[in-house]
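For reference, the structure discussed in these notes is given below.
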Amino acid sequence: MHFLTFISLLLLAIVASADQNEIPEDLLTDPNIEAWVIAIRRDLHTTPELMYKETVTSAKIQTALRSLDINFKMGYGRNTKPERIEGAGGTGVIADIGTGKPPTVLLRADMDGLPIDESKRTDLEFRSTHPGRMHACGHDGHTSMLLGAARVLKSMEGNINGTVRLMFQPAEEGGAGGKRMRDEGILEMEPAVERAFGLHLWPGLPSGVIGGKSGVVLAACDRFQILIHGVGGHAAMPHLTKDPIVATAAMVQGFQTIISRGLHPLESGVVSVTKLDGGSAFNVIPSGITMWGTVRALSTETLVTLMKRVETVGGDIAKSFGCNITVTWSPDFYPPTVNDKDLWDNFASGVAAQVSETKEYVDVVPTMGAEDFGFIAERVPSAFYLLGQGSAPGTDYGLHHPMFSIDESVLIKGVELHVRSALGSLEDLWKKREEEA
Ligand SMILES: *[C@@H]1O[C@H](CO)[C@@H](O)[C@H](O)[C@H]1NC(C)=O
Ligand SMILES: *[C@@H]1O[C@H](CO)[C@@H](O)[C@H](O)[C@H]1NC(C)=O
Ligand SMILES: [Zn+2]
Ligand SMILES: [Zn+2]
């Protein structure tokens, strides 16, 4: 080898190793990337789709990845319960950036919208063009932030020592799309995932401030449908009927005691009845009523206890009115989303503080909202961040509100959270390997 070639290769090697997994600060402040992320978010916002039907959204993600020259695999997140939830699914996308070798870190975004109408809003240029559908949970923002991270990571791919796996999942809003992708093997596929990160835009925190905590951050959750069967008849002759309306009224009241009289006072739980359907006329006692609602808790164990209580309390009350019930739960309850203690305390809390507008993270209390990132966090040490966005005009509406609106100035913070979590973790995982060797 020519001496000069040798020297320049040596120099290259030194430069390369010095830069390995180092955050490209200029990329994180690149206005072109920020503008690109915002443009993608607005485009996604115009075409919200319900769970397991995110075909247009998935195609847009694939187009963006292609434009970045990132290889990806599609067809993930198939709906395995079509008899319970409409839609074929298979809209999930996976992409690896880096060496294709361990260590591997997973970054996750969700992509589905909600059955809320935004199409008649006239004050929003990029309002939904799908009547009755809206990105009211910020998943358009989540997807665009992960694509922003993909762009940053791809542009420095030669300096990534390890693999960053991107997960774009369908059906977060109650369809357990994250569980489907997990069960399709996206964590075990080579190189196997060792850590995972996710985030949610959070109207309850000031814009650009990051929240999180060690341990349970979001609740375990399931939803029920209860059919109350009775015997209908003339409203003037109630003694000839088994009135399911009176039984239902008593059940709604009785459910309130499941928490107040059944749960340890220091435990947290929720039982909410949210929808009732039944009856046809003022002078007819119907033969049945349908009731819907949700149960939440901070542990799977408590959730299961509450679910059993809904069945026994509901059944016993119905019986006392001569009625009976059939209870149906969703195909998959969501486990709590748990931030791994070691990962949060020794790594993720530091990333949260570094990225946070205030240079400190907010140690939040858990919320009774639920997330199917919990299915990922059950398998690999994970951290879930809350990305504050509530300070701009109109951005403090809650998640799922028909006026929900993203403070787009924080999207670049989400990109940074993803990139720092991934690259910092690769460094951390190499360090751990060296310590163990
Ligand atoms: C990645 O980092 C490890 C540990 O520092 C090192 O041994 C290895 O050679 C690096 N791999 C590449 C492809 O640079
Ligand atoms: C439930 O109640 C209905 C109406 O009284 C009755 O027809 C039915 O047989 C009951 N079913 C069971 C399993 O008890
Ligand atoms: Zn939601
Ligand atoms: Zn959400």
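Brief remarks follow.
- Residue under evaluation Asp340, criteria (1) assigned by TED's automatic domain parsing to the domain that holds Lys213; (2) within 16 Å of ligand 2 (Cβ to nearest atom), criterion not met: (2)
- Candidates Val419, Val380, Val362, filtered to the one that is β-branched (Val, Ile, Thr), touching a residue at least 12 places away in the same chain (Cβ under 8 Å) and crowded, with 24+ Cβ neighbours inside 10 Å: Val419
- Residue check for Asp363: acidic (Asp, Glu), at pLDDT 95 or above and either within 16 Å of ligand 4 (Cβ to nearest atom) or under 19 Å from the mean Cα position of the chain (by Cα) (or both): no
- Wholly within segment 180-284, strands (runs of 3 or more DSSP E) carrying at least 1 residues that are basic (Lys, Arg) and surrounded by fewer than 22 Cβ atoms within 10 Å (Cβ to Cβ): 220-229, 269-278
- Note on segment 61-93: residues that are surrounded by fewer than 22 Cβ atoms within 10 Å (Cβ to Cβ) and assigned to a strand (DSSP E or B) amount to 5.
- Any chance Ser58 is open to solvent by 20 Å² or more (accessible area, probe 1.4 Å) and assigned by TED's automatic domain parsing to the domain that holds Leu399: no
Yes or no, residue by residue, for (1) open to solvent by 10 Å² or more (accessible area, probe 1.4 Å); (2) touching a helix residue (DSSP H, G or I) at 6+ places or on another chain (Cβ under 8 Å); (3) within 16 Å of ligand 1 (Cβ to nearest atom); (4) not assigned by TED's automatic domain parsing to the domain that holds Asn21:
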| position | (1), (2), (3), (4) |
| --- | --- |
| Asp96 | yes, no, yes, no |
| Leu107 | no, yes, no, no |
| Phe126 | yes, yes, no, no |
| Gly132 | yes, no, no, no |
| His135 | no, yes, no, no |
| Gly138 | no, no, no, no |
| Ser144 | no, yes, no, no |
| Gly148 | no, yes, no, no |
| Ser155 | yes, yes, no, no |
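The values are calculated or read from the model by the stated rules, or taken from the named source; none is laboratory data. Predicted, not measured: the structure shown is a model, and the values here were computed from it. For neighbour counting, all protein chains shown are included, and Cβ atoms are generated from backbone atoms with ideal geometry for every residue, glycine included. When the accessible area is computed, the model is the full protein with side chains, heavy atoms only, and any ligands, DNA or RNA have been set aside. Shrake-Rupley method; radii C 1.70, N 1.55, O 1.52, S 1.80 Å.
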